[in-house]
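Worksheet: the structure to be examined is printed underneath.
Values quoted throughout were computed directly from the atomic coordinates according to the rules given, and no laboratory measurement underlies them. No experiment lies behind these values; they were computed from the predicted model shown. Cβ coordinates were reconstructed from backbone atoms using ideal geometry, including for glycine residues, and neighbour counts include every protein chain displayed.
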Amino acid sequence: MSVFSYVSEPLKMLVYSSLNCSSLSPIDVESQYNMTRAQRIRAAMFPETVMEGTAVLSTQMDLSQQTNVQKLAEPSQQLKTAIIHLINYQDDAELATRAIPELTKLLNDEDQVVVNKAAMIVNQLTRKEASRRALMQSPQMVAAVVRAMQNTSDMETTRATASILHNLSHQREGLLAIFKSGGIPALVRMLSSPMDSVLFYAITTLHNLLLHQEGAKMAVRLADGLQRMVPLLKKSNQKFLAITTDCLQLLSYGNQESKLIILANGGPEGLVNIMRTYSYEKLLWTTSRVLKVLSVCPSNKPAIVDAGGMQALGKHLNGSSQRLTQNCLWTLRNLSDAATKQDGMENLLQVLVGLLSSDDINMLTCATGILSNLTCNNTRNKTQVTQSNGVEALIHTILRAGSKQDVIEPAVCALRHLTSRHPEAETAQNAVRMYYGIPAIVKLLNQPYYWPVIKAVVGLIRNLALCPANQTPLRDAEAIPKLVTLLTKAHQDAQKHGSSAQQTYQDGVKMEEIVEGSTGALQIMARDPVNKVTIASMDTIPLFVQLLYSPLDNVKRVAAGALCELALDKQSAEIIDSEGACAPLMELLHSSNEGIATYAAAVLFRISEDKNPDYKKRVSVELTHSLFKHDPAAWEMVSLPPGGVEVI
């Protein structure tokens, strides 16, 4: 049976049609089909051998499907192409290798025209991989290019040589060759070129060196690269600026001297201006990275803030770029402790309050930290955050934070700031209660203690207790026993040193500060009659009396203040007297601290109320002598309010 008998009927019809010989018999067609097989294979595998105008019989019925011959032809074509490329590559490499000695000589020629022509040729050679590899393996060639770039006064030669180094810098061998030939100082000098293309080649090549070549950073610093780069921040090409700012980041990260050089050359202003002016995401990201590095430098920090850095960075907190938002937030957090006196922060504060609803732990850490710093001793910012529902947002943040202390501590600190010393403080104190924050806040006093959080919580409880409506919820949340337990432990820890010259630290917090804070909170809570009795019943009076002997004025003041509140109760006053408080209180009457002296006088006055006339007279004389020795008549004007004495 013939081969053609296996061919399908449609294919036979196609062959008949292609041969235009419908009158031929099947035997003739099969014969012609066999005769053209070699021609068809040759045409498929080596199409360049087919003479122009020659008709080749095709057996392809469906143009969307390749024939077996066509499929087999593909590897052969690929092999042929690879061989051609290999031959060309080898030719390029051999050509460059043979030309290198002569081109090196021409680059060193005294005739600038000759140097220019040689530079143009070398530049062309570096655009092909094979010749580029050959060139970078010649130290003499690379050194000649560097010398030509430094010595020429012809801008075209400068551009060509800068382009050569730029092309070489895309491979590690090229970077090493540039570095060894002293190319870095030459490239740094090119940063002052008036030609934009030269600037681009120079900064890009330096960028590649900084990224991949060991020793390049030090070489750029020694060549005064930073002094040349910072002025380039005034350029307007955004891609150029992105490369420049990335160079600044690479040079300044972990190097304090570089940070100070950037500052001395006006870097903070230029960087902030970029954040304020442009919208190209990569540029904003690279710039924010530099600012993040500089924001931990004590010298750069105020300069960035004064340049409007807080507001400029705040513009990008709601953008679509997650990496830009994160960088801006961390930078703002680093800067925020230097921005407590800044005005015009309203928009930033509103955005930060909004970010508290995020589930991203880094975002919450930064947002709470920034709010904590910006609300510290800044009445306007406290009011703004309170009016922006900041109290509610902070409470929800604490409730969601679980055990994440990096979020809880700044959130509690921010609430402590919002509940004190500004027109909306009382509103904030009430808001904490209304949004069910008191139980969650008091719960933070549970052991094990993380002292920075404890310190913040104690201060917040004190502020909350200033609002009479909060006294009962605080008592119901068991704030009093927790504060007493905390006070006892902190006092015991502080006493372990036994020396007034030393203070006990835990997690960076002085135990004396915990003693002062918890005593102060109990003092304010004792204004409530029920709380007053509860506090006295927990055997706190002996401890308060002992604290009167503290070497720290702040501790003595709050201890005397707590005793002053408790002494309003007759039974407590008797206990205070029986614990021997009169002797230290008499001593404290002579304190130079007006608050201490006033509280001591008030406690002594209340203790003496039920004493015999002689005792009362002696106390009265002592009080008059110590407090009003310069104006005895003023004693008659003393009037203590029924709620006790509050020293601000």
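Things worth noting here:
- Mean separation of Cα pairs under 8 Å and 6 or more residues apart, divided by the residue count, gives region 448-526 a relative contact order of 47 percent.
- In region 409-488, chymotrypsin sites (Phe, Trp or Tyr not before Pro) in a DSSP loop with at most 14 other beta-carbon atoms within 10 Å: TYR436
- Fewest-first sequence of LYS292, LYS259, LYS282 by Cβ atoms within 10 Å of each Cβ: LYS282, LYS292, LYS259
- Residue order, fewest to most surrounding Cβ atoms within 10 angstrom, among THR205, THR419: THR205, THR419
- Loop-resident trypsin sites (Lys or Arg not before Pro) (DSSP state other than H, G, I, E or B) in region 126-199 with no more than 12 further Cβ atoms inside 10 Å of their Cβ: ARG127.
- Note that region 579-593 has calculated 3J(HN,Hα) couplings of 7, x, 6, 4, 4, x, 5, 4, 5, 6, 4, 8, 5, 6, 7 Hz, one per residue in order, obtained from phi through the Karplus relation 6.51 cos²θ - 1.76 cosθ + 1.60 (θ = phi - 60°); glycine and proline are x.
- Sites listed here are trypsin sites (Lys or Arg not before Pro) in region 472-550 whose DSSP assignment is loop and whose Cβ has at most 15 other Cβ atoms within 10 Å: LYS496.
- For the pair region 437-478 and region 308-381, the centres of their Cα atoms are 26 angstrom apart.
- Legend: distances between Cα atoms for LYS455/LYS556; LYS234/LYS292; LYS234/LYS282; LYS404/LYS443; LYS301/LYS404; LYS315/LYS404; pairs beyond 23 Å are LYS301/LYS404; LYS315/LYS404.
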